[in-house]
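J.: The structure under discussion is supplied below as structure tokens; questions concerning it will follow.
The values are calculated or read from the model by the stated rules, or taken from the named source; none is laboratory data. These numbers come from a predicted model, not from an experiment. Here Cβ is always computed from backbone atoms with ideal geometry, including for glycine, and neighbour counts include all displayed protein chains. Only protein heavy atoms, including side chains, enter the accessible area calculation; ligands, DNA and RNA are left aside. Shrake-Rupley method; radii C 1.70, N 1.55, O 1.52, S 1.80 Å.
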Amino acid sequence: MRPGIDLTDKRVLVVGLARTGVAVSLFSAAYGASVTATDLRPETQLGDSVEKLRAAGVKLELGGHTPARFLEHDLIVLSPGVPAHLPAIEVARARGIPVWSEIELAWRFLRGKLVAITGSNGKTTTTALVAHILKTARIPTLVGGNIGVPLLSLVEYSEDATVTVAEVSSFQLEGIEAFRPDVGVLLNLTPDHLDRHASFEEYADAKTRMFENQLERDAAVLNADDPEVTRRLPSRPQPYWFSRKKRVAQGVFLQDRQIVFRHYDEEIPLARLDEITLRGAHNVENVLAACAAAYLAGADPASIAAGVKSFQGVEHRLEFVATIGGVEYYNDSKATNVDAAQKAIEAFPNRLVVILGGKDKGSPYTPLREPLKQHARLVILIGAASEKIAADLADVVPVERAGSIDRALDVARAHAHPGDVVLLAPACASFDQFENYEHRGRTFKELVALLEHHSASAPATASAPKG
């Protein structure tokens, strides 16, 4: 039984008014809470959400936070973009005021099962694939969390038979108290968000909070090939491993090009390796994890096979955009850290022109040296991290500084030859030049579409007369 919370007359402070903060404010007000929402941005930058919030009776404090206000509430809910260790928040915690993330509040109201997926890379693809498989199996399925739809927005649609599949981030897991998924998935652990977390250990600790409230009847799906995951084995839930390199005692592995689920002595074929439509070895891992989670959530083997075969991937994740003049263009704007960029680069054999850069997240770019040496013939740099990336990479691969993404495509067009691949895999956050990675990816695709249009409409070059 989940611990409930009666929001009637509760004084709730919502910190941060991006998509999640707006959802929390409107939900809490609808359930009878007295809600105050605060954001550092002025009203002019918040769009039409201000009108909706005021209409719902939410009090607004914009253009800054008043520290004393944090101590006047019964519950504080932080948006994912708000640092969890702001001084005013730490004081509130010391006074015993609960400080939650949105997923903690949502979990207390959601009905049915919850499959929660986290990791440094692959979360969105795996979340989307699990949901796709469950829908293929005709299981009532909702999908949300860090993938774009706040969990609170799904509460009214959830029923006892529903399976909710949620992508959850380290920022969201920092703020849990009793949050407990029926199936928790940890895909991998590599350095990320070190501009926000004090250390890799702090980041990894936030990720593994996924399992801290699970019971023995719950499942933990874990990457057997990732040493940072295997050394953080949770104690209470049933572990189910996934591996593309070896047979596992319990979980999912590859055998004779089949994806096999093993439970005790029973081995159940789930899908064929050659039916995976996604590019890259890292996506094989994502598929294995998704198969394990979907099976544990109730999907039958035939539906898992059909779901894997019919899944075409998600936007901004190694997304094919166009072929122009024999050059292929791929959008992996979701490669917002070094490890994700490395996996994207390694998904192609060679002849890459790679666009890197954006807002630095505190990790070195040196892990990209060997993959770029093997796979790329040119790196084009954009954004605020350009000089740091150049310092780490310029002696192993030719580097050109473009500054902006439109200029990067001009440089790529000038240098790419038929048979080459132009890959946007930034290894950085997007916030120096874009609203988010989706905005960056859409901009890239729009610019490629313009390039394709101009290429198609350009007159063919006449051959010189012989003689």
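J.: Given the criterion under 21 Å from residue 281 (Cα atoms) and either of a type in the set (Gly, Ala, Ser) or open to solvent by less than 20 Å² (accessible area, probe 1.4 Å) (or both), identify the matching residue among 429, 340, 390.
T.: Just a single option satisfies the conditions, and that option is 340.
J.: Would a scan of the stretch 218-232 turn up a residue that is surrounded by fewer than 19 Cβ atoms within 10 Å (Cβ to Cβ) and of a type in the set (A, V, I, L, M)?
T.: Within the stretch 218-232 (the criterion being surrounded by fewer than 19 Cβ atoms within 10 Å (Cβ to Cβ) and of a type in the set (A, V, I, L, M)), the answer is no, since none of the residues qualifies.
Here is a yes/no grid of residues against (1) without any contact (Cβ under 8 Å) to a residue 60 or more places away in the chain; (2) touching a strand residue (DSSP E or B) at 6+ places or on another chain (Cβ under 8 Å); (3) over 28 Å from residue 210 (Cβ atoms); (4) not basic (Lys, Arg):
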{"residue": "32", "(1), (2), (3), (4)": "yes, no, yes, yes"}
{"residue": "45", "(1), (2), (3), (4)": "yes, no, yes, yes"}
{"residue": "66", "(1), (2), (3), (4)": "yes, yes, yes, yes"}
{"residue": "71", "(1), (2), (3), (4)": "yes, no, yes, yes"}
{"residue": "78", "(1), (2), (3), (4)": "no, yes, no, yes"}
{"residue": "84", "(1), (2), (3), (4)": "no, yes, no, yes"}
{"residue": "116", "(1), (2), (3), (4)": "no, yes, no, yes"}
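J.: Which one of the conditions (1) farther than 24 Å from residue 381 by Cα; (2) within 19 Å of the chain's Cα centre (by Cα) does residue 276 fail to meet, given that it meets all the rest?
T.: Unmet for residue 276, out of (1) farther than 24 Å from residue 381 by Cα; (2) within 19 Å of the chain's Cα centre (by Cα): (2).
J.: Among the residues of the stretch 38-83, write down those that are open to solvent by less than 20 Å² (accessible area, probe 1.4 Å) and of a type in the set (Asp, Glu).
T.: Scanning the stretch 38-83 gives a single hit, 39.
J.: Across the stretch 165-184, what is the number of residues that are outside any strand (DSSP E or B) and over 14 Å from residue 2 (Cα atoms)?
T.: Residues in the stretch 165-184 being outside any strand (DSSP E or B) and over 14 Å from residue 2 (Cα atoms): 8 in total.
J.: Given the conditions (1) modelled with pLDDT of 95 or more; (2) touching a strand residue (DSSP E or B) at 6+ places or on another chain (Cβ under 8 Å), report the number of the one that residue 369 does not fulfil.
T.: (2)
J.: Residues that are modelled with pLDDT under 95 and crowded, with 21+ Cβ neighbours inside 10 Å: does the stretch 445-464 have at least one?
T.: Yes: one or more hits.
J.: What are the residues in the stretch 378-387 that are touching a residue at least 40 places away in the same chain (Cβ under 8 Å) and either surrounded by fewer than 24 Cβ atoms within 10 Å (Cβ to Cβ) or in a strand (DSSP E or B) (or both), if any?
T.: Answer for the stretch 378-387, where residues must be touching a residue at least 40 places away in the same chain (Cβ under 8 Å) and either surrounded by fewer than 24 Cβ atoms within 10 Å (Cβ to Cβ) or in a strand (DSSP E or B) (or both): 382, 384, 385.
J.: Moving to a separate point now. Sort out which residues of the stretch 393-426 are surrounded by fewer than 20 Cβ atoms within 10 Å (Cβ to Cβ), acidic (Asp, Glu), in contact with a strand residue (DSSP E or B) (Cβ under 9 Å, 6 or more places away or on another chain) and not in a helix (DSSP H, G or I), and write them in order of number.
T.: 400
J.: Scan the stretch 310-337 for residues that are open to solvent by less than 40 Å² (accessible area, probe 1.4 Å) and either in contact with a Ser or Thr (Cβ under 8 Å, 6 or more places away or on another chain) or basic (Lys, Arg) (or both) and report the count.
T.: 9
J.: Right, here's the next one. Filter the stretch 185-200 down to residues that are at pLDDT below 90 and either charged (D, E, K, R) or outside any loop (DSSP other than H, G, I, E, B) (or both), then give me how many there are.
T.: 4
J.: Just the residues that are in contact with a Ser or Thr (Cβ under 7 Å, 6 or more places away or on another chain), touching a residue at least 60 places away in the same chain (Cβ under 8 Å) and either part of a helix (DSSP H, G or I) or under 19 Å from residue 19 (Cβ atoms) (or both), please, taken from the stretch 140-164.
T.: 146, 150, listed by residue number.
J.: Of the residues that sit in the stretch 131-159 and are farther than 20 Å from residue 296 by Cβ and small (Gly, Ala, Ser), which one is surrounded by the most Cβ atoms within 10 Å (Cβ to Cβ)?
T.: Looking at residues that are farther than 20 Å from residue 296 by Cβ and small (Gly, Ala, Ser), I get 153.
J.: Could you pull out every one of the strands (runs of 3 or more DSSP E) wholly within the stretch 58-139 that has 3 or more residues that are within 24 Å of residue 308 (Cα to Cα)?
T.: Output list reads 113-118.
J.: Please indicate, with yes or no, whether at least one residue in the stretch 238-256 is out of contact with any Leu (no Cβ under 7 Å at 6 or more places or on another chain), under 25 Å from residue 140 (Cβ atoms) and open to solvent by less than 50 Å² (accessible area, probe 1.4 Å).
T.: The answer is no; no qualifying residue exists.
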